[in-house]
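Trainee: Shown below is the structure under consideration.
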Amino acid sequence: MSGGGPIAKVVPDLGPAAPAGVYDYLVPKELQDELTLGQRVVVPFGRRRVFGMVVALAQESQVDHLRSVERIRDPEPLLLPAQISLAHWISGHYLTPLPEVIRAMVPPAMRGGRADARPVRRRSRAESPEAEMAAEAPELNLSSEQMAAFLPIEEAVRWSRFQEFLLFGVTGSGKTEIYLAAIRAAQERGRGAIVLIPEISLTPQTVARFARHHGSRVAVLHSGLTPGQRGSEWRRVRSGQVQVVVGSRSAVFAPMPNCGVIIVDEEDSTSYKQYDRVPRYHAVEVARRLGRILSVPVVMGSATPRLETYHLAQTRGSPQLLRLSQRYNQRPLPPVRVVDLREELAWGNRSPLSRDLVTAVDGAIAEGGQVILFLNRRGTSSVVLCRSCGEALGCPECSVSLTLHLPGRLCRCHYCGHFEELPDACPSCGSALLRALGAGTERVEAEAAQRWAGARILRMDRDTVGHRDAHREIYEAFAERRADILIGTQMVAKGWDLPGVRLVGIVNADIALHFPDFRASERTFSLLTQVAGRAGRGDEPAEVILQTYSPEHPAVLRAVEHDYEGFAREEVEVRRRLGYPPFTRLLVVTRSDPREDLARQDCEREGARLREALQGKGIEVLGPSPAFIPRLRSLHRWQLTLKGTRMEDVAELLPSGRGWALDVDPA
Ligand code: ADP
Ligand code: ZN
Ligand code: ZN
């Protein structure tokens with residue numbers, strides 16, 4: 001075993017209230033042979049004895065009069081050496097103290113004194129006979145295009161080599177089949193796989209696909225597990241009994257002892273970014289780093305990759321781009337028809353459903369098909385749109401949409417803080433038809449119920465899906481064709497493979513388009529493409545109807561043509577011109593306080609200080625501005641946005657402590 005130096009750096013577990021630091025302890029002679037990284041130990045802390053995690057070993061310490069590690073709590077390390085390395089990287093990259101990272105990695109049931117004291121037992125080879133694998137695992141017969149994409153992955157798995165792949169395949173092209181093949185290749189080498197999928201795709205349908213191939217040796221990790229369940233799945237993974245971990249974002253921390261490949265499905269999903277608590281990590285970036293540390297390939301799949309990922313593939317060749325340009329069985333992508341809502345309004349139709357969409361729904365139902373009506377309603381009724389020309393009120397500096405704040409009728413930019421009064425007329429065309437954007441799913445449901453009285457209608461959004469079972473019930477009802485029309489938010493956009501869907505109606509494409517974020521255009525394109533991809537998976541012809549006030553917008557035009565690469569080429573140039581990622585990095589500093597003036601003043605003061613300190617360093621300080629969610633849990637939130645190419649150097653300059661939060665590479 002690794003002897004280690006005589007100094008152990010330990011993160012003591014002081015309970016949820018007290019964020020700990022990293023402390024040095026002497027390793028007494030009798031423990032020097034056994035003590036290793038990731039182990040839990042017992043250390044003196046003040047007048048107490050506490051558990052702690054060994055996060056580094058060293059020969060020297062800056063501190064005099066060190067106390068000693070008392071004993072080793074569990075001989076088997078709780079975290080693997082690779083995870084400890086990963087924790088250090090996350091801490092540095094996301095400017096988060098190491099103890100907070102460790103805390104996020106280890107589930108609550110495994111921490112503190114409550115964890116069961118039984119050390120994890122390592123299985124010997126003899127104990128895990130081949131018979132335990134799913135014996136009747138189905139055949140995988142990859143098409144020639146799929147095979148061409150799989151071979152480089154297989155080679156990297158075989159040689160256990162760190163290599164990144166971007167599996168760029170249209171919806172329904174068989175990306176999941178390739179993941180299954182990659183997992184099998186790892187399994188043939190006696191190694192396991194970590195598979196990340198977006199939380200909303202963790203449907204029984206998806207999980208069943210992995211379970212068909214790997215039986216009981218699949219562990220599923222998602223946010224719906226109780227702490228107890230999470231703890232026991234975690235232990236099962238740690239003990240080596242699991243071949244495949246399928247899970248959402250935090251599954252990247254699964255302690256798999258012999259991982260041979262890491263897979264991230266729909267790598268552009270926003271659910272991979274943890275934005276609401278520390279560490280504010282991006283699971284795809286963490287997965288990439290883990291692959292590097294473990295020396296195993298990382299496969300990122302998407303029909304609409306993040307622009308950053310695609311740009312890397314284009315300019316550096318890493319990740320290696322693997323294309324799947326056809327749907328499996330040569331099924332065509334569905335045609336997308338655009339309905340201009342300005343004309344609809346001019347004609348006198350104020351309903352959220354255009355005449356064309358109504359006719360198409362009529363037709364689809366008459367032929368026994370199913371319909372999805374998609375509406376992305378969330379958080380956006382505050383964007384102001386001109387109903388005549390389709391332009392949204394935008395920031396003159398940042399080219400993102402302004403957000404209307406009532407009362408006061410002030411329109412504000414969330415990046416630079418620019419604000420103006422709500423104008424009486426549209427600045428582009430002079431029309432007085434300026435309106436806040438967006439009818440919700442409920443309104444559409446009411447309309448649909450009225451129009452298609454005989455149809456069976458379901459609605460799926462945050463309000464109807466209070467718990468996981470509700471999501472499954474609605475999904476199953478629709479999949480089993482117990483309903484004709486499904487109305488839903490982006491919950492229905494991703495991953496579903498339902499052959500009965502003959503028509504997808506995008507009720508309002510503009511809502512995502514005018515999201516006050518520089519990624520709005522990219523998100524819109526992705527969302528439209530994903531939603532459109534739900535149609536035409538069966539044998540009957542299908543179509544997509546896309547309603548918009550902005551039919552000329554590049555994101556809309558390119559989505560209509562299913563042309564990701566065209567979109568990406570243009571959007572990359574926009575980003576380059578405006579200095580947004582991937583050409584710069586962003587860092588958001590948020591100050592929250594019950595008193596709004598205090599939050600704002602603190603931001604102003606820190607903003608001025610940072611501007612001065614960062615002069616000539618190529619980092620711009622924007623703001624202060626109200627946060628995108630200006631008030632959360634009775635706290636007012638103001639923020640500064642830093643924009644530059646190198647963010648590592650600013651760490652020491654940033655304000656920290658109570659009320660301050662940092663978000664590196666915000667999404
Ligand atoms: P994606 O993950 O790219 O959206 P899927 O893996 O879900 O695509 O494939 C779409 C459909 O085509 C699924 O029903 C899948 O079972 C089927 N399919 C794809 N490739 C194959 C294959 N090689 N053999 C059999 N069925 C396949
Ligand atoms: Zn206008
Ligand atoms: Zn601005």
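The values are calculated or read from the model by the stated rules, or taken from the named source; none is laboratory data. All values derive from a computational prediction rather than experimental measurement. For neighbour counting, all protein chains shown are included, and Cβ atoms are generated from backbone atoms with ideal geometry for every residue, glycine included. Each accessible area value is taken on the protein alone, full model and side chains, heavy atoms only, with ligands, DNA and RNA left out. Shrake-Rupley method; radii C 1.70, N 1.55, O 1.52, S 1.80 Å.
This table checks each residue for (1) open to solvent by 10 Å² or more (accessible area, probe 1.4 Å); (2) over 24 Å from the mean Cα position of the chain (by Cα).
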residue: ASP469; (1), (2): yes, no
residue: ILE485; (1), (2): no, yes
residue: THR489; (1), (2): no, no
residue: VAL504; (1), (2): no, yes
residue: ARG519; (1), (2): yes, no
residue: THR548; (1), (2): no, yes
residue: ARG558; (1), (2): yes, no
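Trainee: Okay, moving on. In this structure, is ASP463 modelled with pLDDT of 85 or more, more than 16 Å from ligand 1 (Cβ to nearest atom), assigned to a loop (DSSP other than H, G, I, E, B) and among the acidic types (Asp, Glu)?
Mentor: No: the conditions fail for ASP463.
Trainee: Continuing with the same structure: I'd like the full set of residues that are in the same structural domain as ALA149 (by TED's automatic domain parsing) and among the small types (Gly, Ala, Ser), limited to the range 321-356.
Mentor: Once the filter is applied, which keeps residues that are in the same structural domain as ALA149 (by TED's automatic domain parsing) and among the small types (Gly, Ala, Ser), the range 321-356 yields only SER325.
Trainee: Of the residues ASN349, ASN329, only one is of a type outside the set (Asp, Glu), more than 16 Å from ligand 2 (Cβ to nearest atom), open to solvent by 10 Å² or more (accessible area, probe 1.4 Å) and closer than 30 Å to SER388 by Cβ; which?
Mentor: The match here is ASN349.
Trainee: Now a separate question. So, PRO305, is that one within 16 Å of ligand 1 (Cβ to nearest atom) and open to solvent by 40 Å² or more (accessible area, probe 1.4 Å) or not?
Mentor: Spelling it out, it is not the case that PRO305 is within 16 Å of ligand 1 (Cβ to nearest atom) and open to solvent by 40 Å² or more (accessible area, probe 1.4 Å).
Trainee: Sticking with this one: Could you list, in sequence order, the residues of the range 399-409 that are of a type outside the set (S, T, N, Q) and either assigned to a strand (DSSP E or B) or surrounded by 21 or more Cβ atoms within 10 Å (Cβ to Cβ) (or both)?
Mentor: VAL400, LEU402, LEU404, HIS405
Trainee: Just need a number here: residues in the range 152-173 that are more than 14 Å from ILE263 (Cβ to Cβ), within 16 Å of ligand 1 (Cβ to nearest atom) and either surrounded by fewer than 24 Cβ atoms within 10 Å (Cβ to Cβ) or not assigned by TED's automatic domain parsing to the domain that holds SER295 (or both).
Mentor: 2
Trainee: With respect to PRO499, determine if the residue is open to solvent by 40 Å² or more (accessible area, probe 1.4 Å), away from ligand 2 (no atom under 16 Å from the Cβ) and closer than 29 Å to ALA360 by Cα.
Mentor: yes
Trainee: Does any residue in the range 410-427 that is part of a loop (DSSP other than H, G, I, E, B) come within less than 6 Å, Cβ to Cβ, of a residue that is within 16 Å of ligand 2 (Cβ to nearest atom) six or more places away or on a different chain, and which pairs are these?
Mentor: CYS413/LEU402; LEU422/CYS411; ALA425/ALA432; CYS426/CYS386; CYS426/LEU434
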